[in-house]
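Visitor: This is the structure I have questions about; it appears just below.
The values are calculated or read from the model by the stated rules, or taken from the named source; none is laboratory data. Keep in mind that this is a model prediction, so the values were computed, not measured. So basically every Cβ, Gly included, is an ideal-geometry build from the backbone, and we count neighbours across all protein chains shown. Just the protein is used for accessible areas: all its heavy atoms, side chains included, with ligands, DNA and RNA removed. Shrake-Rupley method; radii C 1.70, N 1.55, O 1.52, S 1.80 Å.
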Amino acid sequence: PCYAGLDLARKNDMSALALVFGTAGGTIDVLFRYWMPEEGIKERGYRDRAPYAEWAKAGLLTLTEGNVTDFRQIEADISELHAQYNFRMVRYDPMHATDLALRLRDDHGVPVEELLQTYRNYTPACNELDRLLAGKKIRHGGQAIARWNAKNAIQRTGPSGNVMPCKLTSYGRIDGISALCMAIGSLVLSAPSANVGIDFF
């Protein structure tokens, strides 16, 4: 089974899709997809201290024309991936993503679910990610952008003890980790009786 998480950005950040394959309680495999506007990539690389141009050359990052992310490209790519992997669910951050999510649902038959970015919504996924990492039950192929996202991520604890990922620094990007948590959250909910710490790879 394949579950996905989508974290979109319009202009100054990466958009990320994480695909999680597996069943709750077992080992999972993860694939990542990233997009970014082509215009201004050197400046963003300097700002974020990240080799975006090198990642694009290596095929890890898809560049879209212009100075804003072309959501049509993301839509086409996700539709193609859905045809290949038959997503059980795509969870998405409603910031920037509602229109795209509705098109994915209505025009491409992709099951989608909005996930508000709250401590309560992230905690089950963070707990499951912690379990997976502690047991070495997550295979991600050493994806370079995801590793960089992970190095930029820390756990933030809310007033009720719930947790969610957040950036370690102002210039750090964690888009892939946010997308991964959203996908894992769907995996957790798929369990017959979902058990509801966090470290990153």
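Visitor: What does the helix-only formula give at 222 nm for the chain: each DSSP H stretch with n ≥ 4 adding -39500 (n - 2.57), the total divided by the residues, and the result rounded to the nearest 500 deg cm²/dmol? All intermediate terms of the calculation are to be shown ahead of the outcome.
Guide: Working: 7 runs with 79 residues, N = 201.
So the calculated ellipticity at 222 nm is -12000 deg cm²/dmol.
Visitor: Only sites in a loop by DSSP and with at most 12 other Cβ atoms within 10 Å count here; which trypsin sites (Lys or Arg not before Pro) in the stretch 120-157 make the cut? Before the final figure, lay out the partial values.
Guide: Details: sites: Arg120, Arg131, Lys136, Lys137, Arg139, Arg147, Lys151, Arg156; in loops: Lys136, Lys137.
Here the trypsin sites (Lys or Arg not before Pro) that fit, given the DSSP loop and packing criteria, are Lys136.
Visitor: Counting DSSP beta bridges in the chain, what percent are antiparallel, to the nearest 5? Let's see the in-between values first.
Guide: Working: 18 of 30 bridges.
Within the chain, antiparallel bridges account for around 60 percent of the total.
Visitor: With a point put 7 Å past each Cα toward its Cβ, work out how far Asn12 is from Cys166 in nm, to one decimal.
Guide: 1.9
Visitor: Starting from the Cα-Cα distance between Ala83 and Thr23, subtract it from 0.36 nm times their residue separation and give me the gain in nm to one decimal. Provide the component values of the computation, followed by the final result.
Guide: Numbers: separation 60, 0.36 × 60 = 21.60 nm, distance 2.00 nm.
Taking 0.36 nm per residue and subtracting the Cα distance, the gain is 19.6 nm.
Visitor: How many Å² of accessible area per residue for the stretch 71-201, probe 1.4 Å? Please report the intermediate quantities before stating the final value.
Guide: Values: 6520 Å² over 131 residues.
Using a 1.4 Å probe on heavy atoms only, each residue of the stretch 71-201 averages 50 Å².
Visitor: I would also like to ask the following. Starting from the Cα-Cα distance between Met95 and Glu54, subtract it from 0.36 nm times their residue separation and give me the gain in nm to one decimal. If you can, show how the numbers build up before the last one.
Guide: Details: separation 41, 0.36 × 41 = 14.76 nm, distance 2.80 nm.
Contour length minus Cα-Cα distance gives 12.0 nm.
Visitor: Mind giving me the FRET efficiency for Glu113 and Gln73? R0 is 25 Å, r the Cβ-Cβ distance, nearest 0.05 is fine.
Guide: Numbers: r = 22 Å, r/R0 = 0.90.
Computed FRET efficiency for Glu113 and Gln73 comes out at 0.65.
Visitor: For Ile154 and Arg105, compute 0.36 nm times the residue count separating them, minus their Cα-Cα distance, and round to one decimal in nm.
Guide: Numbers: separation 49, 0.36 × 49 = 17.64 nm, distance 3.25 nm.
Taking Ile154 through Arg105 to full extension adds about 14.4 nm, to one decimal.
Visitor: Find, among the chymotrypsin sites (Phe, Trp or Tyr not before Pro) in the stretch 1-95, those assigned to loop by DSSP (not H, G, I, E, B) with at most 10 other beta-carbon atoms within 10 angstrom.
Guide: Values: sites: Tyr3, Phe21, Phe32, Tyr34, Trp35, Tyr46, Tyr52, Trp55, Phe71, Tyr85, Phe87, Tyr92; in loops: Phe87.
Nothing satisfies the criteria.
Visitor: Hey, got a sec? Which trypsin sites (Lys or Arg not before Pro) in the stretch 14-74 land in a DSSP loop and have at most 16 other Cβ atoms within 10 Å? Could you put the intermediate results ahead of the total?
Guide: Numbers: sites: Arg33, Lys42, Arg44, Arg47, Arg49, Lys57, Arg72; in loops: Arg49.
Those satisfying the criteria are Arg49.
Visitor: Whole-Hz ³J(HN,Hα) for each residue in the stretch 75-82, computed from phi via Karplus 6.51 cos²θ - 1.76 cosθ + 1.60 with θ = phi - 60°, x for glycine and proline: what do you get?
Guide: Once rounded to whole Hz, the list reads 4, 5, 5, 5, 4, 5, 5, 5.
Visitor: So, with a 1.4 angstrom probe, what is the percent of accessible area on the chain that is carbon and sulfur?
Guide: Numbers: 4630 of 9700 Å².
Within the chain, the accessible surface is 48 percent carbon and sulfur.
Visitor: If the stretch 37-148 were replaced by its equivalent ellipsoid, with semi-axes equal to the square roots of 5 times the Cα gyration tensor eigenvalues, what would those be, largest first, whole Å? Kindly include the intermediate steps, with their values, before the conclusion.
Guide: Numbers: eigenvalues 121, 100, 47 Å².
Largest first, the stretch 37-148 gives 25, 22, 15 Å.
Visitor: Near Lys11, which lysines are there with a Cα under 17 Å away, not counting those fewer than 8 places off in the same chain?
Guide: Partners within reach: Lys42.
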